[in-house]
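Q: Below you will find the structure I want to go over with you.
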Amino acid sequence: MKAKKIGIGVFLVFSLVAVFSMNAGAADGWYYCTIEKIGANTTSGTCTVLLNETNGAFRKFFTIPAEQYKMTLAIMLTAISNGFAVQVKVDPLIADYHYSYVKDMYLAAQ
């Protein structure tokens, strides 16, 4: 009985170590992108943007959170109207765009 409890305890410890050692933001990085499409989701108050990485690393949709919507929209519209690229901090490895957020965005006048 004592060996069984020790075995369960060791298993739980290794399980917790495995779970907490994962880095959720491991693929976050800065990328230069062009903006292809912008759309708004009126029910959730978020914005969706199609970003095309300039070196071909990805072309996918990302979500702009509601609290950043107005500030980021000004940057995106300026980039589209002037033909500029943007520098974004994103994690392109997340498959579902509802969970792929643009964390930061800067206008890159190149």
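The values are calculated or read from the model by the stated rules, or taken from the named source; none is laboratory data. Quick caveat: nothing in here was measured; it's all calculated off a predicted structure. As a convention, Cβ positions derive from the backbone with ideal geometry for all residues, glycine included, and neighbour counts pool all protein chains shown.
Q: Just a yes or no: is a residue in region 16-25 on the phi < 0 side of the Ramachandran plot, modelled with pLDDT of 65 or more and surrounded by 10 or more Cβ atoms within 10 Å (Cβ to Cβ)?
A: Start the filter on region 16-25 by keeping residues that are on the phi < 0 side of the Ramachandran plot, which leaves 16-25.
Checking the rest, the ones that are also modelled with pLDDT of 65 or more come to none.
The answer is no; no qualifying residue exists.
Q: For region 49-61, check the following and say yes or no: at least one residue is of a type in the set (S, T, N, Q) and modelled with pLDDT under 90. Show your work before the answer.
A: Keep residues of region 49-61 that are of a type in the set (S, T, N, Q), which gives 52, 54-55.
Now restrict to residues that are modelled with pLDDT under 90: none.
Checked region 49-61: no residue is of a type in the set (S, T, N, Q) and modelled with pLDDT under 90.
Q: Go through the residues of region 3-11 one by one and say whether even a single one is at pLDDT 90 or above and over 20 Å from residue 103 (Cβ atoms). Before the answer, list the steps.
A: Our first condition is that a residue be at pLDDT 90 or above; within region 3-11, this holds for none.
Within region 3-11 (the criterion being at pLDDT 90 or above and over 20 Å from residue 103 (Cβ atoms)), the answer is no, since none of the residues qualifies.
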